[in-house]
1. For residues that are assigned to a helix (DSSP H, G or I) and touching a Leu at 6+ places or on another chain (Cβ under 8 Å), scanning just region 216-233, find the one that is farthest from ligand 1 (Cβ to nearest atom).
2. Kindly indicate the residue of region 1-30 that is of a type in the set (Val, Ile, Thr) and either more than 21 Å from Phe167 (Cβ to Cβ) or in contact with a Ser or Thr (Cβ under 6 Å, 6 or more places away or on another chain) (or both) and also surrounded by the most Cβ atoms within 10 Å (Cβ to Cβ) among those meeting that condition.
3. Looking for whichever is loosely packed, with under 15 Cβ neighbours inside 10 Å, away from ligand 1 (no atom under 12 Å from the Cβ) and assigned to a strand (DSSP E or B) here; the options are Asn82, Asn95, Asn33. Which one fits?
4. Taking Thr84 as the residue in question, decide whether it is within 13 Å of ligand 2 (Cβ to nearest atom), touching a residue at least 12 places away in the same chain (Cβ under 8 Å), touching a strand residue (DSSP E or B) at 6+ places or on another chain (Cβ under 6 Å) and on the phi < 0 side of the Ramachandran plot.
5. Which one is nearest to ligand 1 (Cβ to nearest atom) among residues in region 36-48 that are assigned to a strand (DSSP E or B) and buried (at least 20 other Cβ atoms within 10 Å of the Cβ)?
6. Just checking, which of Ala50, Ala73, Ala79 is away from ligand 2 (no atom under 16 Å from the Cβ) and under 26 Å from Ile216 (Cβ atoms)?
7. Taking only region 177-202 into account, find how many residues are without any contact (Cβ under 8 Å) to a residue 24 or more places away in the chain and surrounded by 23 or more Cβ atoms within 10 Å (Cβ to Cβ).
Amino acid sequence: MTNPPVTSLPVIHTSDLTKVYAGTDVTAVDGLNLTVYQGEIFGLLGPNGAGKTTTAGMLTTRVLPSAGSAFVAGIDVVAQPNLTKQFIGVVSQVNTLDRQLSVWENLYFHGRLFGMGAIESREVASELLETFQLTRWAKASVYALSGGMAQRLMVARAIFHRPAVLFLDEPTAGLDPQSRLALWEIMKQLNADGQTILLTTHYMEEAEQLCHRVAIMDHGKLLALDTPTNLKHSTGIDTIVTVKATGDLNELGRALALLDGASSVRAVERGVELHVAGGERLLTRVIAAAEGVGAQVQDVSVAEPSLETVFIRLTGRELRD
Ligand SMILES: Nc1ncnc2c1ncn2[C@@H]1O[C@H](COP(=O)(O)OP(=O)(O)OP(=O)(O)O)[C@@H](O)[C@H]1O
Ligand SMILES: [Mg+2]
């Protein structure tokens, strides 16, 4: 992802941004400090309830912060919500298309709502339908769209007025793999054309594939923030070995933990997962250790660390449980 370069111009800036929903004692977002730069695809990665939607909600003026501040395109979102809305495009986690309107009208009236003239709105609506491969559906009811098409239409609508930043809240959740890939391509293309994007997701592959930088969140708190590559390096692990075996798995875990370079071991379904730095003769050593405790090895697989690994090391839990 080189074109165009990520700049050093902040588009989003938060300072101790906090949300406690009225009537609850849950701090949904807890003292969040982050800056997103123009040209970035920035990811908020975290499990259910991490506070991703609440963060996006505060930045898009839908949720009022309890404390702290947030600026989008240099505008204080709390002091000037209406002005902020002119500079943002939002695709929320739920379908917000207007069911009374056709596919084309959903775009056209968005332009009019943002103060564009009729001629320009017509032009842009038709162009966007073309770009997002929805021209065939222009006159159709939005009820006729598949999940992937509806999502594409929401993205088209969100960028209609050329926002400084596009917010995508779990844009590929629930989509089939093909629609997910199509949307990834759209995000990459929009970004290559200069669109800054804030993306929330609980799919680590999505964050890894698309984002220049990723903030890992859990329980409202920022746990780590860096490029996917740096986050993975920060684990200090080169290899993840999963050993599926029968026999005493606790014993197997203890034996594997003693291997050179092993940094953590945890139980997984029918086996043990081992994190290792330095992978020389690793498989031979793993199998010897397993045989040493009388475990019957059924399968050994190796993988590189992923953002899931980073999350596990930060929280002791899996991202998607
Ligand atoms: N309107 C609300 N009123 C009260 N509590 C809320 C509200 N919205 C969210 N919460 C709580 O705030 C916390 C953060 O929720 P949020 O929806 O921001 O998480 P998320 O990371 O977007 O999760 P998901 O992956 O499920 O979309 C959760 O504990 C949630 O139950
Ligand atoms: Mg959410």
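The values are calculated or read from the model by the stated rules, or taken from the named source; none is laboratory data. These figures come from a predicted structure and were not determined experimentally. In this analysis, Cβ positions are derived from the backbone assuming ideal geometry, glycine residues included, and neighbour counts consider all displayed protein chains.
1. To start, the set of residues in region 216-233 that are assigned to a helix (DSSP H, G or I) comprises 228-233.
Among the residues that remain, those that are also touching a Leu at 6+ places or on another chain (Cβ under 8 Å) are: 228, 231-232.
Numbers: Pro228: 19, Leu231: 18, Lys232: 22 Å.
Checking each candidate, the answer is Lys232.
2. Taking region 1-30 first, the residues of a type in the set (Val, Ile, Thr) are 2, 6-7, 11-12, 14, 18, 20, 24, 26-27, 29.
Within this subset, residues satisfying the condition of being either more than 21 Å from Phe167 (Cβ to Cβ) or in contact with a Ser or Thr (Cβ under 6 Å, 6 or more places away or on another chain) (or both) are 2, 11, 18, 20, 24, 26-27, 29.
Values: Thr2: 6, Val11: 24, Thr18: 20, Val20: 17, Thr24: 8, Val26: 14, Thr27: 18, Val29: 29.
For region 1-30, the residue satisfying everything is Val29.
3. It is Asn33.
4. Values: within 13 Å of ligand 2 (Cβ to nearest atom): no; touching a residue at least 12 places away in the same chain (Cβ under 8 Å): yes; touching a strand residue (DSSP E or B) at 6+ places or on another chain (Cβ under 6 Å): yes; on the phi < 0 side of the Ramachandran plot: yes.
No: the conditions fail for Thr84.
5. Initial filter on region 36-48 (assigned to a strand (DSSP E or B)): 36-37, 41-45.
Next cut, buried (at least 20 other Cβ atoms within 10 Å of the Cβ) only: 36, 41-45.
Details: Val36: 17, Ile41: 18, Phe42: 15, Gly43: 12, Leu44: 8, Leu45: 10 Å.
For region 36-48, the residue satisfying everything is Leu44.
6. Working: Ala50 fails: away from ligand 2 (no atom under 16 Å from the Cβ); Ala79 fails: under 26 Å from Ile216 (Cβ atoms).
Of Ala50, Ala73, Ala79, the one residue that is away from ligand 2 (no atom under 16 Å from the Cβ) and under 26 Å from Ile216 (Cβ atoms) is Ala73.
7. The qualifying residues number 0.
Yes/no matrix, rows are residues, columns are (1) touching a Leu at 6+ places or on another chain (Cβ under 9 Å); (2) outside any loop (DSSP other than H, G, I, E, B); (3) free of Cβ contacts under 8 Å to residues at least 12 places away in the same chain; (4) not assigned by TED's automatic domain parsing to the domain that holds Thr200:
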position	(1), (2), (3), (4)
Gly253	yes, yes, no, yes
Leu259	yes, no, no, yes
Val265	yes, yes, no, yes
Gly279	no, no, no, yes
Thr284	no, yes, yes, yes
Ala288	no, yes, yes, yes
Asp299	no, yes, no, yes
Phe311	yes, yes, no, yes
Leu314	yes, yes, no, yes
